[in-house]
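**Q** The structure is given below, and queries will be raised subsequently.
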C-alpha cells in the first residue's frame, strides 16, 4: 500500500501517516461492510464470498480501495475472463464490488475526502458489468411430447427396476420438478409434515428451504399442488414411502429418504441431490437420449414454467409458484412454442380489425 497524503483533514478523523495506517483503515471499512451485511440478514456464506471478492480485487490495485477507478475494474474483470471464469461468476463478482462501493460512498465518502482529498468513484458501471448471471445460459426445455414420453417410459419401468424404491423415489422427485418447478434443494429438504392436503382444494407443499435473494437465507413458501402433483404425492405417500422404513408416519422424517437408516435420529436418512441428479441422468440416457447430458433439474423447472404459461396460467401466478422475487426473473423461464407468438399476433390483429369494423 502506498502512503496517503492528507489535505487539511478534520481533527475528528484519524490521520493516515503510514502505509500500515492505510491498510488498517481499509480493513476497518471491509469489516464494517461485513457487519452491515450481517445486520441485513445475509448468510455467512454470502458474506465470506463477498469479502473474498473484495480482497481479490484489492490485491490487483496499486493504491487503496477508495482510489480504484473504472480502469482498475476493467482490468480485473478482463482478467477474470482470461482465467476462464463463467459469465455467472464474473457477474457475481462485479455485483459484489458494485454494492461494496455503494457502501463506501454512502458511509465513508465524506471521511475519506477529509482524510485524503480523494472522491470515491463507483468503478463498476454499465460498460464493464456483466448484464446478468443468466447471460449465455438460456435453458430451452424439451417439447411436451419429449417430456411426456420420457416420464411415461420412466413410470412404466419402475416395477421392473433392479432397485424399486430408489427408482420410484427418483421418478417422484423429477415429477415434482416437472409439475411444480421445485428446485432440487427444496425437494431434498422436504419432510413428511410439509405435505398439507388440508390446505385448499389441491393441498399445498410447505417449501421451507426456498432460495432467498442476495444470500438472505431461506425463503419459505406454500406451493399449491396443481398440475397433477396432488395425485402424485398421494401415490408416493400411500404406496411407496412406507416401504423405506417404519418412520413413514414420523412428521420429521424426510419426504425423500435415502436407503440408509440414521441410527442417531431413529429414521431414514435424507437423499442427496447427487443421487437425484444421477437418477434423472440415467433415465434420460435411456428414454430420451437426444437430451443426454442436457436435461437437468433446472431445465425441468424451466419446462414447468413454460408448460404452465402455454396452458394459459398467468405469469404472476407462475412467479408465486416458482418462488421468484422479481417478475422479470420468471419471464426468463418462459420459452413458448413459435406458434404461441403467432397466435397472439393474429389475435391482436383480429381485435384491431373488429374495433375498426365497429367504428365504421
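The values are calculated or read from the model by the stated rules, or taken from the named source; none is laboratory data. Treat the numbers as computed from the prediction; the structure is a model and nothing was measured. All Cβ positions, glycine included, derive from the backbone under ideal geometry; neighbour counts span all protein chains shown.
**Q** Determine whether segment 256-274 contains at least one residue that is free of Cβ contacts under 8 Å to residues at least 40 places away in the same chain, more than 22 Å from residue 334 (Cα to Cα), in a helix (DSSP H, G or I) and assigned by TED's automatic domain parsing to the domain that holds residue 159.
**A** Yes, segment 256-274 contains at least one residue that is free of Cβ contacts under 8 Å to residues at least 40 places away in the same chain, more than 22 Å from residue 334 (Cα to Cα), in a helix (DSSP H, G or I) and assigned by TED's automatic domain parsing to the domain that holds residue 159.
**Q** Hey, which of the helices (runs of 4 or more DSSP H) in segment 135-214, taking only ones fully inside, have at least 3 residues that are without any contact (Cβ under 8 Å) to a residue 12 or more places away in the chain and in contact with a helix residue (DSSP H, G or I) (Cβ under 7 Å, 6 or more places away or on another chain)?
**A** Per the criteria, no element qualifies.
**Q** May I ask you to verify whether residue 80 is in contact with a helix residue (DSSP H, G or I) (Cβ under 7 Å, 6 or more places away or on another chain) and at pLDDT below 90?
**A** So residue 80 fails the test.
**Q** Please verify whether segment 81-88 includes one or more residues that are without any contact (Cβ under 8 Å) to a residue 40 or more places away in the chain, more than 27 Å from the chain's Cα centre (by Cα) and outside any loop (DSSP other than H, G, I, E, B).
**A** No, the conditions are met nowhere in segment 81-88.
**Q** So, residue 241, is that one part of a helix (DSSP H, G or I), in contact with a helix residue (DSSP H, G or I) (Cβ under 9 Å, 6 or more places away or on another chain), in the same structural domain as residue 183 (by TED's automatic domain parsing) and within 28 Å of residue 318 (Cα to Cα) or not?
**A** The answer is no for residue 241.
**Q** Being buried (at least 21 other Cβ atoms within 10 Å of the Cβ) and part of a helix (DSSP H, G or I) is the filter here, so list the residues in segment 284-296 that pass it.
**A** Residue satisfying the conditions is 284 alone.
**Q** If a residue must be in contact with a helix residue (DSSP H, G or I) (Cβ under 8 Å, 6 or more places away or on another chain), modelled with pLDDT of 90 or more and surrounded by 14 or more Cβ atoms within 10 Å (Cβ to Cβ), how many such residues does segment 249-281 contain?
**A** So the count comes out to 15.
**Q** Let me ask you something else. Residue check, residue 142 against (1) exposed (fewer than 14 other Cβ atoms within 10 Å of the Cβ); (2) within 30 Å of residue 331 (Cα to Cα); (3) under 26 Å from the mean Cα position of the chain (by Cα), all met but one. Which one?
**A** So residue 142 meets the others, but not (1).
**Q** In addition: Do you know which residues across segment 32-47 are under 20 Å from residue 102 (Cβ atoms), in contact with a helix residue (DSSP H, G or I) (Cβ under 9 Å, 6 or more places away or on another chain) and free of Cβ contacts under 8 Å to residues at least 12 places away in the same chain?
**A** 38
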